[in-house]
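Worksheet for the structure shown next.
The values are calculated or read from the model by the stated rules, or taken from the named source; none is laboratory data. A quick note: this is a predicted structure, and the numbers were derived from the prediction, not measured. Glycine also receives a Cβ, built like all others from the backbone with ideal geometry; neighbour counts cover every protein chain displayed. Side chains are part of the model used for accessible areas, which takes the heavy atoms of the whole protein and leaves out ligands, DNA and RNA. Shrake-Rupley method; radii C 1.70, N 1.55, O 1.52, S 1.80 Å.
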Amino acid sequence: MHVRGLSATGGGAQPAGKLRRGLRALLWPWQARCDVLLTIDPDTALSAWLSSTVLRRRWVADVHEDYRELLRDRAWVPGPLLAVLRGAVSVLNSIITRADLVLVADDHVPPRHARRRFVMRNVPDVTLLPPMPAGSTSVAAVGSARAPRAVYIGDNRTTRGLRDMVEAVAATVDDPMAWRLDLVGPVATSDRDWLDERLARPDARLVTWHDRQPPTEAWRIAAGADVGLCLLADTPAFRDAMPSKVYEYLAMGMPTVATPLPRVRELIEGTGAGVIVDGVPAVVEALRAYARDAAHRQALIANARAAGEELRERPSPYDEAAGLIAGLAAY
């Protein structure tokens with residue numbers, strides 16, 4: 001069996017990058033030599049469907065986000081163009097329904113109906129994560145030699161909490177236990193100038209941006225952090241989603257400080273493995289409470305570790321998806 005995965009992503013929001021991405025989306029599905037073609041971008045849908053029909057091979061489409069709603073979160077999309085692009089995504093989603101297998105990241109992610117649709121939830125692949133630390137690495141008390149540390153791994157932009165995370169940590173700079181923050185991941189073009197200017201100011205001296213990193217390096221940076229941050233804005237694209245990073249934080253035994261998106265709130269409050277916050281002042285208070293209140297801190301850590309251990313023992317949806325793909329190649 002030969003499975004070939006294709007993604008046309010790359011090149012950014014600049015015109016030249018968009019042109020390169022468009023050419024890849026058209027050409028790569030025809031150039032792939034395989035029994036099963038796996039695509040992970042909607043851009044490739046039309047070419048993938050046509051090439052798979054002509055070349056008589058199986059096509060698997062992996063749809064990991066609601067792209068129609070995600071377009072609202074892209075500053076580079078001008079208002080008049082938004083409706084056009086959303087319509088184009090609807091057409092691509094319709095084409096994707098013709099794939100032999102459609103993998104979606106959650107129940108609400110379109111297309112809702114397809115020949116064969118499998119919900120491959122955004123849970124972490126624990127085989128890619130380091131083992132959960134053997135014990136708590138949390139600060140012991142105010143005055144400890146080690147400052148408490150927060151971490152965020154993922155795409156950095158305003159709607160994903162970039163500015164709120166930086167401002168919240170900067171607000172603790174004069175506290176007895178000032179917080180550190182490690183940001184791991186690319187920064188959106190629309191936020192880059194703001195971040196450069198903000199990090200140059202004295203109160204943000206404990207914030208470090210690491211840019212995009214391979215998974216092993218990202219989790220090496222995150223190792224030993226006290227809390228994970230997930231401060232997504234309440235946008236249409238995020239409202240019904242369950243961010244994979246929350247699962248990843250828990251799998252590492254880290255309590256999560258998160259905004260009150262419905263499914264995130266349900267998980268965090270149901271497990272007691274973190275704190276739900278709304279706005280920068282609430283984030284600041286959550287961080288300060290963690291640093292000063294040992295009983296509160298240890299309860300969060302214990303609950304996060306219990307939730308993480310349970311998560312690590314669950315059957316992997318990725319293994320089930322791999323089995324479905326292997327079954328296609330057998331025909």
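Of the strands (runs of 3 or more DSSP E) lying entirely inside the range 38-134, not one contains at least 3 residues that are open to solvent by 40 Å² or more (accessible area, probe 1.4 Å), without any contact (Cβ under 8 Å) to a residue 12 or more places away in the chain and of a type outside the set (S, T, N, Q). From the list Arg163, Arg201, the one residue that fits, being at pLDDT 95 or above and more than 21 Å from Lys245 (Cα to Cα), is Arg201.
One residue stands out among those in the range 291-331 that are outside any helix (DSSP H, G or I), open to solvent by less than 90 Å² (accessible area, probe 1.4 Å) and over 18 Å from Ala150 (Cα atoms): the one that is modelled with the highest pLDDT, which is Ser316. Checking the condition free of Cβ contacts under 8 Å to residues at least 40 places away in the same chain and either among the aromatic types (Phe, Trp, Tyr) or farther than 25 Å from Thr159 by Cα (or both), which residue from Glu313, Glu320 passes? It is Glu313.
State whether one or more residues within the range 213-229 are open to solvent by 10 Å² or more (accessible area, probe 1.4 Å) and more than 23 Å from Thr127 (Cβ to Cβ). Within the range 213-229 (the criterion being open to solvent by 10 Å² or more (accessible area, probe 1.4 Å) and more than 23 Å from Thr127 (Cβ to Cβ)), the answer is no, since none of the residues qualifies. A search for C-beta distances below 8 Å between a residue of the range 281-299 that is under 13 Å from Asp175 (Cβ atoms) and aromatic (Phe, Trp, Tyr) and any residue that is outside any helix (DSSP H, G or I) and open to solvent by 20 Å² or more (accessible area, probe 1.4 Å), counting only pairs 6+ apart in sequence or on different chains, returns Tyr290/Val275. Being of a type in the set (Ser, Thr, Tyr), more than 30 Å from Arg192 (Cβ to Cβ) and at pLDDT below 90 is a condition met by at least one residue of the range 124-136. Only a single item in (1) on the phi > 0 side of the Ramachandran plot; (2) more than 20 Å from the chain's Cα centre (by Cα) is not met by Gly161, and it is number (2). Within the range 230-247, the set of residues being open to solvent by 20 Å² or more (accessible area, probe 1.4 Å) and touching an Asp or Glu at 6+ places or on another chain (Cβ under 6 Å) comprises Thr235, Pro236.
Taking the criterion of being over 14 Å from Met252 (Cα atoms) and among the hydrophobic types (A, V, I, L, M, F, W, C), the residues of the range 213-239 that qualify are Cys230, Leu231, Leu232, Ala233, Ala237, Phe238. Restricting the range 263-290 to residues that are open to solvent by less than 20 Å² (accessible area, probe 1.4 Å) and β-branched (Val, Ile, Thr), the residue that is farthest from the chain's Cα centre (by Cα) is Val284. Got at least one residue in the range 258-267 being among the small types (Gly, Ala, Ser), modelled with pLDDT of 95 or more and in contact with a Pro (Cβ under 6 Å, 6 or more places away or on another chain)? No, every residue in the range 258-267 fails to be among the small types (Gly, Ala, Ser), modelled with pLDDT of 95 or more and in contact with a Pro (Cβ under 6 Å, 6 or more places away or on another chain). Screening the range 198-212 for residues that are open to solvent by less than 60 Å² (accessible area, probe 1.4 Å) and of a type in the set (D, E, K, R) and picking the one that is nearest to Arg180 (Cα to Cα) gives Asp203. Taking the numbered list (1) touching a residue at least 60 places away in the same chain (Cβ under 8 Å); (2) among the hydroxyl-bearing types (Ser, Thr, Tyr); (3) buried (at least 24 other Cβ atoms within 10 Å of the Cβ) in turn, Thr256 passes all entries but (1).
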